Amino acid sequence: MGKVSSFRELRVWQGGIELVRDIYKICGQFPKEEQFGLFSQIKRAVISVPSNIAEGFKRNNKNEFHQYLRIAAGSLGEVETQLIIAKELKYISVTSAEETSVKIENLYKMLAALYNRTK
């Protein structure tokens, strides 16, 4: 993967970790009965974003790395959808949803750029 020696150096991985923190904070606003429903779903999806970036990087194979970047992008789609659902159910504010959507869009762009840079 070029001159990068650790997935921790990847800005997109760092952004994924930041998104995890943001989502956990946002989900703290969910009703108690959602602990094992939407909250659980969104947590799994958001955790898989940086996890798949790291796993793909550690495989030391460009094709596998690209596959894991695609999986991470898919997980971002899940998070985005679940965020929309949370907003529609009024579990989170429109402002929180919009701010987080901007971060998700930036991560999509970073994933695409990393994918293209490592072709």
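ILE85 - would you say it is among the aliphatic types (A, V, I, L, M) and free of Cβ contacts under 8 Å to residues at least 40 places away in the same chain?
Against the criterion (among the aliphatic types (A, V, I, L, M) and free of Cβ contacts under 8 Å to residues at least 40 places away in the same chain), ILE85 does not qualify.
Considering only the stretch 108-119, I want to know if a residue exists there that is more than 19 Å from GLU9 (Cα to Cα) and modelled with pLDDT of 95 or more.
No, the stretch 108-119 contains no residue that is more than 19 Å from GLU9 (Cα to Cα) and modelled with pLDDT of 95 or more.
I need the full set of residues from the stretch 88-119 which are touching a residue at least 60 places away in the same chain (Cβ under 8 Å), polar (S, T, N, Q) and part of a helix (DSSP H, G or I), in order please.
SER96, THR100, ASN106
Which of the numbered conditions does ASN60 fail, given that it passes all the others? Conditions: (1) assigned to a helix (DSSP H, G or I); (2) within 24 Å of TYR115 (Cα to Cα).
(1)
Test ILE42 against the stated conditions and say whether it is closer than 19 Å to ASN106 by Cα and either outside any helix (DSSP H, G or I) or in contact with a Cys (Cβ under 7 Å, 6 or more places away or on another chain) (or both).
yes
Of the conditions (1) surrounded by 15 or more Cβ atoms within 10 Å (Cβ to Cβ); (2) at pLDDT 95 or above, PHE30 fails just one. Which one is it?
Evaluating PHE30 over (1) surrounded by 15 or more Cβ atoms within 10 Å (Cβ to Cβ); (2) at pLDDT 95 or above leaves (2) as the failure.
The values are calculated or read from the model by the stated rules, or taken from the named source; none is laboratory data. Remember, it's a predicted structure, so these values are computed and weren't measured experimentally. As a convention, Cβ positions derive from the backbone with ideal geometry for all residues, glycine included, and neighbour counts pool all protein chains shown.
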